[in-house]
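Enquirer: This is the structure I want to talk about, given as C-alpha cells.
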Amino acid sequence: MQISRCTKADYDQIVSHLEEFWGSDWTGHPHHPIFIYEFCKTAFVIKEGAKVAAYLFGFISQSEPTAYIHLVGVRAGYKRQGLARRLYGHFFKYAIDHGCTKCKGITTPSNKDSITFHRSLGFELMGEPDRNGIPVVENYAGPGEDRVVFERWLKTES
C-alpha cells in the first residue's frame, strides 16, 4: 500500500464511511471539502486497491513556518499496522521540503489514544495542566472549549 494524494473520489469514500474510521459519524463537520479543493497538496491517503485504508488532511500555516495536521483516520481492520505513523512521516517530509520547522495538531482532552500516539511521535503538549493533569490551552476552540495542542520540531537535514 502506497501513499498518494487524496482525490475527490477518495474524499467521498471517506465521508461516506466515517463510522469505519472513527466508530461514529460525529466527526463529519471537520471533514470539510476545503481539504480536497484548497489544500489538496497536503491531503494524503493510503489505499488497498480502491479502498481508502487511512488518510491525513493537513496544511501549511500562513502565519509561521509550521505544518498543521487537521485529521488522521485509519479504517477499522487497518488499525495497528503503522499506517498513521507512515502518513505522519510522509507529511513531515513534505513540510520540511516546504520550509516548515515545526508541526502542530490538536485534540480534545478526553482523547487519550490521540495524546498517547502524539507523544510516541515526539510531540509536546502545550498549555497548563487541567484538573486531570493534562496540559491544555484554555478556550483554544472558543469559550469553554479547551484543547490539547501538540507541537513537534521537525528535523531538517543540514
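For every residue, the table says whether it meets (1) over 27 Å from residue 15 (Cα atoms); (2) surrounded by 14 or more Cβ atoms within 10 Å (Cβ to Cβ); (3) at pLDDT below 95.
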position	(1), (2), (3)
40	no, yes, yes
44	no, yes, no
84	no, yes, no
110	no, no, yes
132	yes, no, yes
137	yes, yes, no
152	yes, yes, no
158	yes, no, yes
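Enquirer: Within segment 73-158, which strands (runs of 3 or more DSSP E) (wholly inside it) include 1 or more residues that are in contact (Cβ under 8 Å) with a residue 12 or more places away in the chain and among the aromatic types (Phe, Trp, Tyr)?
Expert: Working: elements: 102-107, 124-126, 148-153.
Passing ranges, in order: 148-153.
Enquirer: Oh, and also: In the list 57, 35, which residue meets the criterion of being touching a strand residue (DSSP E or B) at 6+ places or on another chain (Cβ under 8 Å) and assigned to a helix (DSSP H, G or I)? Give the derivation first.
Expert: Numbers: 57 fails: assigned to a helix (DSSP H, G or I).
None of the other options fit; the residue is 35.
Enquirer: Assess whether residue 18 counts as being touching an Asp or Glu at 6+ places or on another chain (Cβ under 8 Å) and surrounded by 15 or more Cβ atoms within 10 Å (Cβ to Cβ).
Expert: The answer is yes for residue 18.
Enquirer: Output the residues belonging to segment 62-72 that are small (Gly, Ala, Ser) and in contact (Cβ under 8 Å) with a residue 12 or more places away in the chain.
Expert: Once the filter is applied, which keeps residues that are small (Gly, Ala, Ser) and in contact (Cβ under 8 Å) with a residue 12 or more places away in the chain, segment 62-72 yields only 67.
Enquirer: Then there is this: When segment 1-14 is examined, which residues are found to be in a helix (DSSP H, G or I), surrounded by 15 or more Cβ atoms within 10 Å (Cβ to Cβ) and hydrophobic (A, V, I, L, M, F, W, C)? Working first, answer last.
Expert: The initial filter retains those residues of segment 1-14 that are in a helix (DSSP H, G or I), namely 8-14.
Pick out the ones that are also surrounded by 15 or more Cβ atoms within 10 Å (Cβ to Cβ) and you get 10-11, 13-14.
Of everything in segment 1-14, just one residue is in a helix (DSSP H, G or I), surrounded by 15 or more Cβ atoms within 10 Å (Cβ to Cβ) and hydrophobic (A, V, I, L, M, F, W, C), namely 14.
The values are calculated or read from the model by the stated rules, or taken from the named source; none is laboratory data. Just so it is clear, the model here is predicted, and its values are computed rather than measured. Ideal geometry is used to build each Cβ from the backbone, glycine not excepted, and the neighbour counts take in all protein chains shown.
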